[in-house]
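All remarks here apply to the structure that follows.
What follows is calculated from the coordinates using simple rules that are stated; it is not laboratory data. Note that the structure is a prediction, hence the values are computed from the model and not measured. Heads up, the Cβs are rebuilt from the backbone with ideal geometry, glycines too, and the neighbour counts pull from every protein chain shown.
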Ligand code: SF4
């Protein structure tokens, strides 16, 4: 199979396996997703979801967050790890949202990645989940599984994003990435992928090889 054929098969297989794929961070506004995603670095989504209700209540807008002291923000996010850096980034990000974007959240990757602490992964997530644009969220699950599938041999996140953009249907790519997260947690785990019970074992290059070696 070509890479394109593998990619399209993976899209369909994961769609059947995880019909309701969506972001596991809780949010109601674009700003809340931006904040929650920044907090999720080196932290679980479940942990982020525990701290954000109080944080969002205290800082309901970019303006209120922009006026905060990072030390106060830190009190709300201490359990998320890297809280000193994250609290400084959140306040700096809010200041830029107010000064350059009228307090709103930009709808394109170029402007989103100008914000302190926001990289292409978060920018893609916002573009896809908030604005419904074609997005490829290259996180650890995406890197691991798409490599194992044989869709690319890259290690650089930007190159992986570019490679996947060429292979995935634009209107499927965002949901596909959400489904990779679910599949990476449940089946294609980092240390011991369960290839024998994987919905992609018939075309995944790693899975085919693993199962052949075992038989
Ligand atoms: S077949 Fe194995 S390596 Fe391939 S995606 Fe499934 S679990 Fe991962």
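Quick one: residue 110 ticks every box in (1) closer than 30 Å to residue 173 by Cα; (2) surrounded by 15 or more Cβ atoms within 10 Å (Cβ to Cβ) except a single one, so which number is it?
(2)
Of the residues 88, 3, 78, which single one is exposed (fewer than 14 other Cβ atoms within 10 Å of the Cβ) and touching a helix residue (DSSP H, G or I) at 6+ places or on another chain (Cβ under 9 Å)? Working first, answer last.
Numbers: 88 fails: exposed (fewer than 14 other Cβ atoms within 10 Å of the Cβ); 3 fails: exposed (fewer than 14 other Cβ atoms within 10 Å of the Cβ).
Testing whether each residue is exposed (fewer than 14 other Cβ atoms within 10 Å of the Cβ) and touching a helix residue (DSSP H, G or I) at 6+ places or on another chain (Cβ under 9 Å) leaves just 78.
If we scan segment 182-197, do we find a residue that is away from the ligand (no atom under 16 Å from the Cβ) and either farther than 30 Å from residue 92 by Cβ or assigned to a loop (DSSP other than H, G, I, E, B) (or both)?
no
Applying the selection to segment 140-159, what residues are in contact (Cβ under 8 Å) with a residue 24 or more places away in the chain, touching a helix residue (DSSP H, G or I) at 6+ places or on another chain (Cβ under 7 Å) and outside any loop (DSSP other than H, G, I, E, B)?
Those that are in contact (Cβ under 8 Å) with a residue 24 or more places away in the chain, touching a helix residue (DSSP H, G or I) at 6+ places or on another chain (Cβ under 7 Å) and outside any loop (DSSP other than H, G, I, E, B): 141, 142, 144, 145, 146, 148, 149, 157, 158.
Could you check residue 168 against (1) in contact (Cβ under 8 Å) with a residue 24 or more places away in the chain; (2) within 16 Å of the ligand (Cβ to nearest atom); (3) out of contact with any helix residue (DSSP H, G or I) (no Cβ under 7 Å at 6 or more places or on another chain) and say which number it fails?
(3)
Name the helices (runs of 4 or more DSSP H) wholly within segment 6-89 that hold at least 2 residues that are more than 17 Å from residue 116 (Cα to Cα)? Show your work before the answer.
Details: elements: 30-39, 45-58, 62-66, 70-77.
Answer list for segment 6-89: 45-58, 70-77.
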